[in-house]
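*Asks:* Here's a structure for you.
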Amino acid sequence: AHVGHSAHNLAIIRRIALNLLKKESSHKNGVACRRKTAGWYHAYLLKILTS
């Protein structure tokens, strides 16, 4: 990564994470609730990341 592009790089990672949360459909809750659940339960986070 180039020096000075950290904000852009983090924005891309954030967008990828948001897309993974939107794609996950086992919980019928909103994205904010899915994000909190992924923070609380490592198994759920792993499920999102490996889907």
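*Asks:* For residue 11, indicate whether it is on the phi < 0 side of the Ramachandran plot, part of a helix (DSSP H, G or I) and modelled with pLDDT of 95 or more.
*Replies:* Yes: the conditions hold for residue 11.
*Asks:* Here is a follow-up. Would you please name the residue that is nearest to residue 16 (Cα to Cα), looking only at residues in segment 32-49 that are surrounded by 10 or more Cβ atoms within 10 Å (Cβ to Cβ) and aromatic (Phe, Trp, Tyr)?
*Replies:* 44
*Asks:* While we're looking at this one, here's another question. If a residue has to be touching a Lys or Arg at 6+ places or on another chain (Cβ under 9 Å) and of a type outside the set (D, E, K, R) to count, how many in segment 16-28 make the cut?
*Replies:* 5
*Asks:* Just name the residue that is surrounded by the fewest Cβ atoms within 10 Å (Cβ to Cβ) out of those in segment 18-31 that are in a helix (DSSP H, G or I) and in contact (Cβ under 8 Å) with a residue 12 or more places away in the chain.
*Replies:* Step one: filter segment 18-31 for residues in a helix (DSSP H, G or I), giving 18-23, 31.
Now drop any that are not in contact (Cβ under 8 Å) with a residue 12 or more places away in the chain, which leaves 18, 20-21, 23, 31.
Numbers: 18: 12, 20: 15, 21: 18, 23: 9, 31: 12.
In this case the residue turns out to be 23.
The values are calculated or read from the model by the stated rules, or taken from the named source; none is laboratory data. Remember, it's a predicted structure, so these values are computed and weren't measured experimentally. Because the Cβ atoms are built from the backbone with ideal geometry, glycine has one as well, and the counts that use them run over all protein chains shown.
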